[in-house]
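S.K.: Can you keep this structure in mind? I'll have questions shortly.
The values are calculated or read from the model by the stated rules, or taken from the named source; none is laboratory data. This structure is a prediction, so every number in the text was calculated from the model and none was measured. Virtual Cβ from ideal backbone geometry, glycine too; neighbours counted across all protein chains shown.
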Amino acid sequence: MHSGPIDSTPLAVRDLGGSSTLPPRRRSQSKIGKGALPALAFLTPFLLLLLVFQYIPLAVMARSSVLDYSLFNPDNATFVGAANFIRIFTDAETIQSLLITFAFILGVLILVVPASFALAVFLNGKLPARALVRTMIFLPVVTSSVVVATLWTFLLNETGLINSVLATVGIPSAGFLTDTTQALPAIIVMTVWQQVGLATVLFLGGLQAVPAELSEAAHMDGAGPLRRTLSITLPLLSRTTLFIVVVMTVFALQAFAPAYIMTGGAPQGTTNLIIYHIYKTAFILQQPGYASAMALVVLAFAIIISLIQMRLLRTRWNY
Amino acid sequence: MKRNIATLSTAVGTVAIMALAGCSAGSTPTIAGCEDGVTELSVLRAENNSPTDEQLDAYTAANKCVIFTVDEVPFGNLAAKIAVLAPSSNPPDIVGFDAPSTASYASQGFLLPLDDYLPAGWFDDVTSATLTENSWDGQVYSPGNEQDTLSLYFNKELTDAAGITPPTSLDTAWTWPEAQAAMLTCQVSATEAAGSTVYGLAPSRLGDGTPGTSYRDQLFLRSMGDPTAPESSSAYKTFYAISDDGTTVDGWLNTPEAIEGATFYQNLFEGPDAVTSKTGLPNALIDGKACFDLEVSSNATTLTNAGVDFGVSPTPYLVTPIVHTGAVTFGVTARSNNAEAAATAVVAMDTGDQYLDWVENNLRIPVLVSTTEALPSLSEAPLNIPVEEIQEWGVPRPPGPHFDAYDLYVTAALKNIAYGADPKTELDQAVAKLDPILSK
Amino acid sequence: MTTQRIAEPTQLRRIPRTIVRFGVSFVVIAIIVGAFLLPYLWMVSSAFKNQTAIFDDLNPLSWKVFLPVGGTIDNFVALFEKGIGLALLNSLIVAFIQVGGTLVVCTLAAYALTRISFKGRGVVFAVILATFMLPAEALVVPMYGVISGLNLQDTLLAVALPWVSSVFGLFLLKQAFEEIPMELDEAARLDGAGHFRVFWSIILPNVRTSLATLCLVTFLFSWNAFLWPLTVVQSPQNQVVQVAIAQSVSAGELPNWGLTFAGAAVATVPLILLFLFAQRFFVQGLASSGLK
């Protein structure tokens, strides 16, 4: 099927860059088939949908964020300028929600990145039952956030499985979701449980792209496994790590099911994740203008994070 | 081959899209004898709630040129669905909603005033709680479909075994300390007998099954008040829990009496006298996992069908006996395209003979005094307790156009209190969050 | 020389190291099984029990917790009476629309961006890339406004349509298309083939694996979606399975645990089975796409 010289090294290796022994990146610019007209034909469905379902809502949201109205009577809107935005930074509940979400993201990252790295190292080795382990940790990834939240509601219940297990070792039941100091950690652990499979697989892909020669050369020079990991593997994985950090951050920022299904933000707002807070403000408190302003702020955070990633990876997009 | 699969799924997808697009089109049927055409009224309601098929069919039987198409959602989603359909281009003609939300919907122009359609003498016949609940700014927005309230159900087997005889009339109703003592006794004896935890008071199934739902739990605050006290007194304000003009709750929700009531409420969940659980336990009373349960009147039917030997006692109180009234009712949307037909239908279903028949067949508690007097079953057990509670102790939940926000924050505060937060802090915070919203 | 020097010490240390290795892996596997597999076993076996049985097996904890001992299918019967069959069908329809639509729209767009050179290609790229950074959940409210403006609210089409223009899919395919050498294009053009012919006969057949991955991943996203179907669909008969089971947990009445577990099992097991059969595609597709 393929004809001509094909570069068969995985794309990942090519992207490591820096080393002059790697083949140059192939430019995929075509010299044939120019013309905007066929391009338009091919692109229209995608761009049209993008415009209708991403850009127009963005514009609507920007407009809503300076208005005050209720979903019942959208025509009856009053212009309030920056009042909604000012309110974000003066409303105690919103500030708490932002801080909680921030703490949530941090908690997830601190747990998920090391855990998935360790698992990836494990899966990359020659130890037994690797496929089984990989399958098991990936189960939560393919499970919806609703089912995960439901399952964990029962796991964490006062008479649920976890307390039951604790009881067999003599530890008294913990409140988990009804305790102000345990609720947020509990949903962090749940989210880590759900995402660690994905992060592990991503790390695994990165690990497998590390050329074996480098590792072996270091081994020859007498470097132990830990030294090899620290000096060779980790630096080469920096791009993967960064990608995982960004993916996990975006997932955590968008978390909704834990607050909606498990806690409703309680106890005392310690699980009031920002997306849930926005949803509640728009649909229950009937303040979609304020909710839109908050959503714009969240969007800004997400864009900043993504831009940081792009910058740090210095990705070159081929045109 | 993957290409063929891709082609196939594209084709199927296209067909599905076309089928779905086709399904959205519909046409009004024709009925013989209706030269003026058939009026089709669209109804939105909560599952298992009014207007029920029985009520709608009875109306069509009497007015064959009017038919109904029904859309229903789980009760917990009703408010959200209404919020979504209200601004749309074809809102439903008739909509079921929770009575306390009447002021909310009416003040935003969602509902149609029905004063012109109500029969003569209606204002004298309707119970005062219903009239207050279903009105806004001097106009009536729903004739009211039924009333309901909480009563204290108990498992006779468990209470007998514990040697407890709960009161069965309003005059001998328990105070909450008395009730708690009885619940504790029953809890201890039943747990011992069963070998696993049996709660004195079942965790409430209301809301999402976690504590705090204001329908039940705000009673602990309001019951500490006194409606007969002078209007400027703290006791009076505690009872009413919102200012008369609905613009503030400061000094109404966070009074010293309310805080005391909240502290008592908290000790039901924690401490040596705890009689209930902070986490939900579905079907606790039916499964024999609880001795007592505060439940609505339909629970009688549920328990009977489950074969439980039960009794009904009045809701306990702290200082003043009180129960919350308000059930699902239905009205007409202001932007309905068939307003007159819908309004006529709604009023006909909830007044006169059609109403009497429906109430009788379904063992509901009616909103009209005349209907109550016409049905002997309402003065007998088990419905006599809730009926009397409504008549003598019933007050609506604090009315106002921002009830949804009020309910949300009061429930959240009560939940936090149940979980162990400081009552004063929580109530003050609820006030701080509510006052800006209420004063708009 | 150097190799010989290292060989000696490792020979002495080899035996304990193997034991350590197996010991560590045993512990890791045990933890993974305990943390990941057991909850699923609990969920599935509890789905076959009634309320009292579930509690009895928990207090005190017994091994019966993980097996449907004395099982009953009452919960599943009740679920299907409540209409979960319809919810499953709805989820399937939505997934079909989304997968089909995504395949069509993204392959076409990826072709344009990799095979056709035109002015403004960079701009188009930037425009598409910008939306990648928008978290969908934050846009739910205005997206709903757009949908109701199109009068598509409460339809299955509305559940799938906004996600058909998937930037993830586009990039996955872009990467796959770039693997195909330009020489094939040129050869076909010399034979007189137009763009669509090249697209259909040359490009598509050579990216089967990526197409399969895209199908699976899109199916996964579609089946597991929650917030958007929750917002856009109100009628129970149009509801998808994730929302149907969520509504039984948090809104309205608190149902019994057995029923909820059964719902969760029904919503999850199809996807787990699909995953088990098509693991290779899922895992490799996600792993390789991540590095871009």
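S.K.: Tell me the helices (runs of 4 or more DSSP H) entirely within segment B:204-312 that contain at least 2 residues that are closer than 25 Å to B:Glu192 by Cβ and free of Cβ contacts under 8 Å to residues at least 12 places away in the same chain.
M.R.: On the way: elements: B:214-217, B:219-222, B:234-240, B:256-266, B:299-305.
No helices (runs of 4 or more DSSP H) qualify here.
S.K.: A further question follows. Identify all residues within segment B:83-119 that are assigned to a loop (DSSP other than H, G, I, E, B), under 22 Å from B:Ala345 (Cα atoms) and not small (Gly, Ala, Ser); write none if there are none.
M.R.: Correct list: B:Asn90, B:Pro91, B:Pro92, B:Asp93, B:Phe110, B:Leu112, B:Pro113, B:Leu114, B:Leu118, B:Pro119.
S.K.: Let me ask another. May I ask you to list pairs of residues, at least six apart or on different chains, whose Cβ atoms are under 6 Å apart, with the first in segment C:107-134 being more than 7 Å from chain A (Cβ to nearest Cβ) and surrounded by fewer than 18 Cβ atoms within 10 Å (Cβ to Cβ) and the second being of a type outside the set (Gly, Ala, Ser) and outside any helix (DSSP H, G or I)?
M.R.: Going by the 6 Å Cβ cut-off, there are no qualifying pairs.
S.K.: Yes or no: B:Tyr419 without any contact (Cβ under 8 Å) to a residue 60 or more places away in the chain, of a type in the set (Ser, Thr, Tyr) and either in contact with a Pro (Cβ under 9 Å, 6 or more places away or on another chain) or surrounded by 22 or more Cβ atoms within 10 Å (Cβ to Cβ) (or both)?
M.R.: So B:Tyr419 does not fit the description; no.
S.K.: Could you count how many residues in segment B:351-385 are farther than 25 Å from B:Thr315 by Cβ and either touching a residue at least 60 places away in the same chain (Cβ under 8 Å) or among the β-branched types (Val, Ile, Thr) (or both)?
M.R.: Residues that pass the stated criteria total 7.
S.K.: For residues that are at pLDDT below 80, part of a loop (DSSP other than H, G, I, E, B) and within 25 Å of the chain's Cα centre (by Cα), scanning just segment C:236-261, find the one that is farthest from the other protein chains (Cβ to nearest Cβ).
M.R.: Taking the candidates together, the pick is C:Ser248.
S.K.: Can you report the number of residues in segment A:168-180 which are within 12 Å of chain B (Cβ to nearest Cβ) and not in a loop (DSSP other than H, G, I, E, B)?
M.R.: 3
Listed here are the residues, each with its yes/no results for (1) small (Gly, Ala, Ser); (2) over 30 Å from C:Pro229 (Cβ atoms); (3) assigned by TED's automatic domain parsing to the domain that holds B:Val367; (4) under 22 Å from the mean Cα position of the chain (by Cα).
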{"site": "B:Ala80", "(1), (2), (3), (4)": "yes, no, yes, yes"}
{"site": "B:Ala106", "(1), (2), (3), (4)": "yes, yes, yes, yes"}
{"site": "B:Leu118", "(1), (2), (3), (4)": "no, yes, yes, no"}
{"site": "B:Gly121", "(1), (2), (3), (4)": "yes, yes, yes, no"}
{"site": "B:Thr132", "(1), (2), (3), (4)": "no, yes, yes, yes"}
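S.K.: Can you give me the number of residues within segment B:267-288 that are within 12 Å of chain A (Cβ to nearest Cβ) and over 20 Å from B:Ala162 (Cβ atoms)?
M.R.: Count: 6.
S.K.: Which numbered condition trips up A:Ala300, out of (1) within 11 Å of chain C (Cβ to nearest Cβ); (2) surrounded by 20 or more Cβ atoms within 10 Å (Cβ to Cβ)?
M.R.: Status for A:Ala300: all satisfied but (2).
S.K.: For residues that are free of Cβ contacts under 8 Å to residues at least 60 places away in the same chain and either β-branched (Val, Ile, Thr) or farther than 20 Å from B:Asp287 by Cβ (or both), tally how many sit in segment B:183-198.
M.R.: The qualifying residues number 3.
S.K.: Still on this model: How about segment B:177-212: which of its residues are β-branched (Val, Ile, Thr) and away from chain C (no Cβ under 14 Å)?
M.R.: Across segment B:177-212, the qualifying residues are B:Thr185, B:Val188.
S.K.: Restricting attention to segment A:253-276, does a residue exist that is more than 8 Å from chain C (Cβ to nearest Cβ) and over 24 Å from the mean Cα position of the chain (by Cα)?
M.R.: Taking every residue of segment A:253-276 in turn, at least one turns out to be more than 8 Å from chain C (Cβ to nearest Cβ) and over 24 Å from the mean Cα position of the chain (by Cα).
S.K.: Can you name every residue in segment B:19-77 that is of a type in the set (Asp, Glu) and at pLDDT 85 or above? It would help to see each step written out before you state the result.
M.R.: Quick first cut of segment B:19-77, residues of a type in the set (Asp, Glu) only: B:35-36, B:40, B:47, B:53-54, B:57, B:71-72.
Within segment B:19-77, B:Glu40, B:Asp53, B:Glu54, B:Asp57 meet the criteria.
S.K.: Before we move on, is B:Lys440 among the basic types (Lys, Arg), closer than 26 Å to B:Ser135 by Cα, within 11 Å of chain A (Cβ to nearest Cβ) and out of contact with any Lys or Arg (no Cβ under 8 Å at 6 or more places or on another chain)? Explain how you work it out, then say what you get.
M.R.: Details: among the basic types (Lys, Arg): yes; closer than 26 Å to B:Ser135 by Cα: yes; within 11 Å of chain A (Cβ to nearest Cβ): yes; out of contact with any Lys or Arg (no Cβ under 8 Å at 6 or more places or on another chain): yes.
For B:Lys440, the condition - among the basic types (Lys, Arg), closer than 26 Å to B:Ser135 by Cα, within 11 Å of chain A (Cβ to nearest Cβ) and out of contact with any Lys or Arg (no Cβ under 8 Å at 6 or more places or on another chain) - is met.
S.K.: Of the numbered conditions (1) buried (at least 19 other Cβ atoms within 10 Å of the Cβ); (2) modelled with pLDDT under 90, B:Leu111 satisfies every one except a single condition; which is it?
M.R.: Among (1) buried (at least 19 other Cβ atoms within 10 Å of the Cβ); (2) modelled with pLDDT under 90, B:Leu111 violates only (2).
S.K.: A further question on this structure: Name the single residue that is nearest to C:Val124 (Cα to Cα) among those in segment A:44-74 being of a type in the set (Gly, Ala, Ser) and part of a loop (DSSP other than H, G, I, E, B).
M.R.: Filtering first and then ranking leaves A:Ser65.
S.K.: Which pairs do you get when a residue that is facing chain B (nearest Cβ under 9 Å), found in segment C:192-209, comes within reach of a residue that is loosely packed, with under 15 Cβ neighbours inside 10 Å and not in a helix (DSSP H, G or I), reach meaning Cβ atoms under 9 angstrom, with the pair 6+ apart or on two chains?
M.R.: C:Pro205/A:Met1; C:Pro205/B:Met1; C:Arg208/B:Met1
Residues checked against (1) over 23 Å from the mean Cα position of the chain (by Cα); (2) among the acidic types (Asp, Glu); (3) modelled with pLDDT under 90:
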site: B:Ala229; (1), (2), (3): yes, no, no
site: B:Pro256; (1), (2), (3): yes, no, no
site: B:Asp273; (1), (2), (3): yes, yes, no
site: B:Ile286; (1), (2), (3): no, no, yes
site: B:Phe292; (1), (2), (3): no, no, no
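Residue-wise test of (1) surrounded by fewer than 23 Cβ atoms within 10 Å (Cβ to Cβ); (2) in contact with a Pro (Cβ under 7 Å, 6 or more places away or on another chain).
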{"residue": "B:Asn134", "(1), (2)": "no, no"}
{"residue": "B:Gly144", "(1), (2)": "no, no"}
{"residue": "B:Leu158", "(1), (2)": "no, no"}
{"residue": "B:Ala161", "(1), (2)": "yes, no"}
{"residue": "B:Ser169", "(1), (2)": "yes, no"}
{"residue": "B:Ala173", "(1), (2)": "yes, yes"}
{"residue": "B:Ala181", "(1), (2)": "yes, no"}
{"residue": "B:Leu184", "(1), (2)": "yes, no"}
{"residue": "B:Ser189", "(1), (2)": "yes, no"}
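S.K.: Considering only segment B:184-200, state which residues are at pLDDT 90 or above and either touching a His at 6+ places or on another chain (Cβ under 7 Å) or not in a helix (DSSP H, G or I) (or both).
M.R.: B:Val198, B:Tyr199, B:Gly200
S.K.: Taking segment C:179-205 as the search range and keeping residues that are part of a loop (DSSP other than H, G, I, E, B) and surrounded by 15 or more Cβ atoms within 10 Å (Cβ to Cβ), which one is farthest from the chain's Cα centre (by Cα)?
M.R.: C:Ala193
S.K.: Can C:Leu134 be described as under 22 Å from A:Phe301 (Cα atoms) and more than 17 Å from the chain's Cα centre (by Cα)?
M.R.: Spelling it out, C:Leu134 is indeed under 22 Å from A:Phe301 (Cα atoms) and more than 17 Å from the chain's Cα centre (by Cα).
S.K.: For segment C:163-176, what are the residues that are of a type in the set (A, V, I, L, M, F, W, C), part of a helix (DSSP H, G or I) and within 14 Å of C:Leu103 (Cβ to Cβ)?
M.R.: Pass one, segment C:163-176, residues of a type in the set (A, V, I, L, M, F, W, C): C:163-164, C:167-168, C:170-173, C:176.
If we keep only those that are part of a helix (DSSP H, G or I) too, we end up with C:163, C:167-168, C:170-173, C:176.
Selection gives C:Trp163, C:Phe168, C:Leu170, C:Leu172, C:Leu173, C:Ala176.
S.K.: Determine which single condition B:Ala80 fails, assuming it passes every other condition in (1) away from chain C (no Cβ under 14 Å); (2) not in a loop (DSSP other than H, G, I, E, B).
M.R.: Evaluating B:Ala80 over (1) away from chain C (no Cβ under 14 Å); (2) not in a loop (DSSP other than H, G, I, E, B) leaves (1) as the failure.
S.K.: Would you tally the residues in segment C:185-195 being of a type in the set (A, V, I, L, M) and under 15 Å from C:Ile116 (Cβ atoms)? Quick ask: steps written out before the conclusion?
M.R.: To start, the set of residues in segment C:185-195 that are of a type in the set (A, V, I, L, M) comprises C:187-188, C:190, C:193.
Within this subset, residues satisfying the condition of being under 15 Å from C:Ile116 (Cβ atoms) are C:188, C:193.
Here the count works out to 2.
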